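Input: a single structure, listed below in structure tokens.
The values are calculated or read from the model by the stated rules, or taken from the named source; none is laboratory data. Here the structure is a predicted model, which means the values were calculated and not measured. Here Cβ is always computed from backbone atoms with ideal geometry, including for glycine, and neighbour counts include all displayed protein chains.
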Amino acid sequence: MKTSMIQSLCMVDDNEIDIYQVNRVIRKSGLVEHFYSFCDGQEAIEHYLDYEENQNKFNGQLPPEVILLDINMPRMDGFEFLERYSKLPAENKNELIILMLTSSGQDRDKERAAHFDIVKDYIIKPFSPEHLQKILEMIENG
């Protein structure tokens, strides 16, 4: 079976240790072409608001195929990002897989995330090679 690659994966999280840990899993796997991160939902949504300019600037990286989205962040949290992202014009969005990657195991957060059709999974930190493999399977299975 041919192993797929993730062209571009974006992480939205304010915790540098978590970003480092995810980046380490990704680097060791060799299955992600481009990895980048934003420190909060506001920074990430601004990337989409200047979509055309950023698509040229970040050739091959934007739009990402996958977003790993934390819930608790300053300025704009993960749920606020989802609200804003869902209201963007269609030309500023793409088919992507959004996964909540959070330390929150609270049922109310899981239920709130499930209300967004664009959220495909809810992962409790830490991120593992098994999570990455599951994402690849999601991409392969459409």
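Listed values, structure above:
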read-out: Every pair of residues 6+ apart whose Cβ atoms lie under 6 Å, when the first sits in segment 29-41 and is within 9 Å of Asp14 (Cα to Cα) and in a strand (DSSP E or B) while the second is modelled with pLDDT under 95 and not acidic (Asp, Glu); value: Phe38/Ala44
read-out: Residue satisfying condition, being of a type outside the set (Lys, Arg), modelled with pLDDT of 95 or more and touching a helix residue (DSSP H, G or I) at 6+ places or on another chain (Cβ under 8 Å), within set Leu49, Leu68, Leu88, Leu62; value: Leu68
read-out: Identity of the residue in segment 83-117, of a type in the set (A, V, I, L, M, F, W, C), more than 11 Å from the chain's Cα centre (by Cα) and surrounded by 13 or more Cβ atoms within 10 Å (Cβ to Cβ), that ends up nearest to Glu46 (Cα to Cα); value: Leu88
read-out: First in segment 126-142 and closer than 16 Å to Thr102 by Cβ, second anywhere and acidic (Asp, Glu) and assigned to a helix (DSSP H, G or I), Cβ under 9 Å, 6 or more apart; value: Pro126/Asp18; Phe127/Asp18
read-out: Failed item in (1) under 13 Å from the mean Cα position of the chain (by Cα); (2) at pLDDT 95 or above, with Ala44 passing the rest; value: (2)
